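Please treat every number below as a calculation from the coordinates, not as lab data. This is a predicted model, so every value here is computed, not measured. Using ideal geometry, Cβ is built from the backbone for each residue, glycine included, and neighbour counts are taken over all protein chains shown.
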Amino acid sequence: MDYFLELFFGGLTRGSIYALIALGYTMVYGIIELINFAHGEIYMIGAFTALIVSSVLAFAGLSGLSVLFLAAAAAIVYSAAHGFTVEKIGYKPLRQAPRLSPLISAIGMSIFLQNYVMLAQTSDFLPFPSLLPDLPFLSDLEIGIGSTEAIILMTTAVSMVLLTLLIKFTKMGKAMRATAQDRNMAMLVGVDVNRTISYTFIIGSTLAAIGGVLIASHIGRINFYIGFIAGIKAFTAAVLGGIGSIPGAVLGALVLGWTESFATGYVSSDYEDVFAFLLLVIILIVRPSGLLGRSTAQKV
Amino acid sequence: MTAIAQIRQSLIVALWFMFLTFPILVIRVNTIENIIEWRWVNMLYAGAGSFLGSFAWRYLLERKSRAAGKDGGPVRTAEATAAEAKPWWRRLREERQYRYPALSVLAVVATIFPFLPFTSTYQINIVTNALLYVMLGLGLNIVVGLAGLLHLGYVAFYAVGAYSYALLHYHFGIGFWTALPLGALLATLFGILLGFPVLRLRGDYLAIVTLGFAEITRLVLENWNEFSFGPSGIAGIPRPGLFGLEMDLHGATIYFYFLMIALCLLTIFVVNRLQNSRIGRAWVALREDETACEAMGVNATAAKLTAFALGSTWAGLAGVVFAAKTTFVNPASFTFLESAMILSIVVLGGMGSILGVILGAFILILTPEYLRAFSEYRMLLFGLIMVMMMIFRPQGIVKGERRIYEFHRKPEDRE
């Protein structure tokens with residue numbers, strides 16, 4: 001039972017980080033129907049920025065929570081800036097192009113950003129400092145959950161709530177929902193579509209940056225390639241839940257996290273990534289619209 | 001826009017990029033020795049580069065929108081188009097009296113190339129390598145260029161071909177010439193097997209599923225030690241023989257070069273015939289509009305499946321050749337980057353254009369070989385090329401020409 005609980009919480013932690021990244025995919029897909037391949041790279045850049053900033057701060061003699069907050073803030077700012085720029089350069093000129101074009105452009109962006117970080121930094125794994133503080137009271141509770149896991153879960157939950165509020169109750173959220181429904185109609189009723197799309201990328205990138213800082217502190221090392229696998233897995237989660245649907249992305253991410261956790265725990269750890277891809281393939285074949293997605297008829 | 005406004009905008013762009021690239025480009029931390037390296041000069045490069053780049057960017061965008069405006073004008077007649085002076089490379093391609101001499105010159109150059117005094121084994125090798133990518137590119141061109149299915153897992157089939165030869169040789173001692181059709185067949189079967197469930201999916205889902213399959217294939221090859229010998233791979237795969245002739249390394253390289261030329265010619269021939277066949281036209285129709293294509297009575301699933309299977313066949317063939325060329329296979333050769341490279345060959349060259357894909361393969365494979373200093377920036381450039389091509393020249397270097405069927409009236413019908 002202890003082993004089960006350990007796997008359960010492991011899967012929950014994993015899943016909640018996937019959820020943070022998956023939300024970026026799902027929001028972008030919902031609004032411009034594009035699989036933003038570069039999203040995983042945005043997350044990787046967030047992790048790298050956090051590493052660099054925290055190292056510089058540690059060098060300057062700071063420590064503790066201030067480092068965490070400054071590093072996380074820098075990660076968020078830079079991830080959001082990258083997300084914004086990627087959209088402006090790679091996708092905005094292709095709004096009217098055939099569907100394949102922005103997709104190929106996105107793949108190109110992803111390869112470019114990976115290699116940019118590799119050339120500017122290093123291709124080796126770098127140790128990531130554990131920025132998250134210890135919560136001693138958790139070990140007294142004896143529920144099989146460490147403080148890192150607890151912080152990850154809490155941060156994710158808070159981010160989700162904030163995101164939901166933002167989308168439900170702000171003017172920007174309303175504009176985003178309108179653009180997702182029908183871009184041209186939204187334009188007619190006075191929504192600044194380009195700005196809304198930029199906001200979507202910025203919000204998605206912010207969430208990815210939070211995910212990046214959390215997962216890097218959790219795993220303890222990063223390299224330029226982490227975005228690729230994480231990106232694909234988060235995309236799997238988004239598709240699993242029904243791409244375009246925000247609660248779907250969270251649900252899909254949790255299902256994926258548990259699947260991976262239990263499969264590696266009970267079956268074999270060599271094939272960890274295979275399970276994720278297998279789940280993706282099966283879902284797309286059996287239920288392409290995802291768990292919570294609606295299938296839409298194609299209009300001619 | 002006035003010049004001052006232009007400069008102001010470029011300055012803003014430059015400042016933005018200096019800000020954007022600051023942590024990644026300027027600071028490098030060495031966490032082991034606790035040193036922080038500040039590379040301020042990189043910030044200058046980023047600023048200057050983006051300042052100049054933004055001028056080019058705006059110019060190209062403006063040119064593109066001007067060209068788009070022209071297309072919207074009155075339809076140009078065939079006579080008007082013909083009357084316009086064709087650039088020399090178009091004449092070379094389209095007019096018989098230039099086309100055949102050009103082809104013969106090319107054939108002669110290709111034949112004597114390995115015997116020229118200044119060609120070393122290394123040079124023959126890299127040209128052979130480029131030819132291998134021509135084959136892969138043309139194979140992927142069937143799927144991506146003609147049928148319009150974005151296939152991101154092409155290396156999976158390449159790996160199937162390579163491993164079939166490696167394993168068949170290891171277990172049964174099968175030689176190259178037997179393995180060639182067998183590898184192609186296995187890759188085709190694999191393609192059909194995967195194609196059946198997957199091809200109902202829409203374009204972007206298809207891309208991600210094929211990517212997933214490729215990763216699964218690679219991970220299985222890496223982890224299933226009993227079957228594929230894991231990351232260490234399989235060594236000692238024999239080169240192709242020529243009626244038991246003994247050859248030194250140079251001779252074998254030359255032989256391989258001609259073998260590759262022959263295979264490329266075969267590929268070009270087959271793809272060309274396919275392109276203008278019934279199924280080829282069905283693919284193009286599918287690419288242009290799936291719904292309309294189905295309404296015209298084309299069986300979309302069958303057409304997609306044949307494209308997928310034929311594409312895989314070529315990957316399988318190329319895989320066998322690759323295994324024979326390097327005499328060693330391991331899973332590291334079949335990563336996503338390889339798929340991306342083949343895809344960028346097709347994208348750069350021009351989707352659906354045979355000549356384009358050939359040029360694309362030669363440019364992308366040979367340039368980094370000859371410009372060694374620049375080879376570590378290769379993938380960076382591939383990424384950049386993919387983005388820039390999609391934005392400024394989505395049709396590629398050479399536009400894939402659709403065959404035009406003209407309607408001629410009989411003279412007596414004309415009033």
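Key figures for this structure:
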| quantity | calculated |
| --- | --- |
| Over segment B:3-67, relative contact order from alpha-carbon pairs under 8 Å, at least 6 apart, % | 36 |
| Fewest-first sequence of A:E272, B:E406 by Cβ atoms within 10 Å of each Cβ | B:E406, A:E272 |
| Paired Rg and Dmax values of chain A, which use every Cα atom, in angstrom | 19.0, 63 |
| Rounded to the nearest 20 debye, dipole of chain B from Cβ charges on Lys, Arg, Asp, Glu | 1060 |
| B:A107 paired with B:E406, simple spin-label distance in nm, labels 7 Å along Cα-to-beta-carbon | 2.8 |
| Semi-axis lengths (Å, descending) of the ellipsoid that matches the C-alpha gyration tensor of segment B:120-392 | 29, 22, 19 |
| Order of B:M388, B:M135, B:M379 - criterion: other Cβ atoms within 10 Å of each residue's Cβ, fewest first | B:M388, B:M379, B:M135 |
| Fraction of alpha-carbon pairs over 21 Å apart in segment B:163-242 - percent | 42 |
| 5 angstrom amide H check on B:I27, placed H, neighbours 5+ away | B:R39 |
| Cβ-Cβ FRET estimate between A:L65 and B:F196, R0 fixed at 56 Å, reported to 0.05 | 0.55 |
| Theoretical FRET efficiency, 1/(1+(r/R0)^6), r = Cβ-Cβ of B:D289 and A:Y3, R0 45 Å, to 0.05 | 0.25 |
| Whole-number percent relative contact order across chain B, with pairs defined as alpha carbons under 8 Å at least 6 apart | 23 |
| Nonlocal amide H pairs with A:I222, under 5 Å, H built at 1.01 Å | A:L126, A:F128 |
| Packing rank of B:99-112, B:156-169, where each peptide gets the mean count of other beta carbons within 10 Å, highest leading | B:156-169, B:99-112 |
| Residue order, fewest to most beta carbons within 10 Å, for B:M260, A:M27 | B:M260, A:M27 |
| Cross-link table A:K92/A:K174; A:K171/B:K64; A:K88/A:K233, entries beyond 27 Å C-alpha to C-alpha | A:K171/B:K64 |
| Ranked packing of A:94-106, B:171-183, B:223-235, most packed first, by mean Cβ within 10 Å | A:94-106, B:171-183, B:223-235 |
| ³J(HN,Hα), Karplus 6.51/-1.76/1.60, whole Hz, each residue of segment A:273-289, x for Gly, Pro | 6, 4, 4, 4, 5, 4, 4, 4, 5, 5, 4, 5, 7, 7, 9, x, 7 |
| Among B:L206, B:A303, B:I397 - extreme Cα towards positive end, dipole of chain B, charges at beta-carbon | B:I397 |
| Computed magnitude of the charge dipole of the protein assembly as shown (debye, nearest 20; Cβ of K, R +1, Cβ of D, E -1) | 2740 |
| Number of partner chain Cβ atoms within 10 Å, mean per residue of B:15-23 | 4 |
| Cut-off under 5 Å, modelled amide H: who pairs with B:I397 long-range | B:G349, B:G350 |
| Cα-derived Rg over Rh, computed across the protein assembly as shown with Rh taken as Kirkwood radius | 0.98 |
| Averaged over A:54-65, number of beta-carbon atoms from partner chains that fall within 10 Å | 2 |
| Peptide B:36-42 - average C-beta neighbours from other chains (10 Å radius) | 1 |
| Highest to lowest packing among B:148-155, B:326-333, scored as the average C-beta count within 10 Å | B:148-155, B:326-333 |
| For segment A:211-300, size of Cβ-based charge dipole, Lys and Arg +1, Asp and Glu -1, in debye | 400 |
| Listed residues B:Y59, B:Y170, B:Y377, most fluctuating in chain B (Gaussian network, C-alpha, under 10 Å) | B:Y59 |
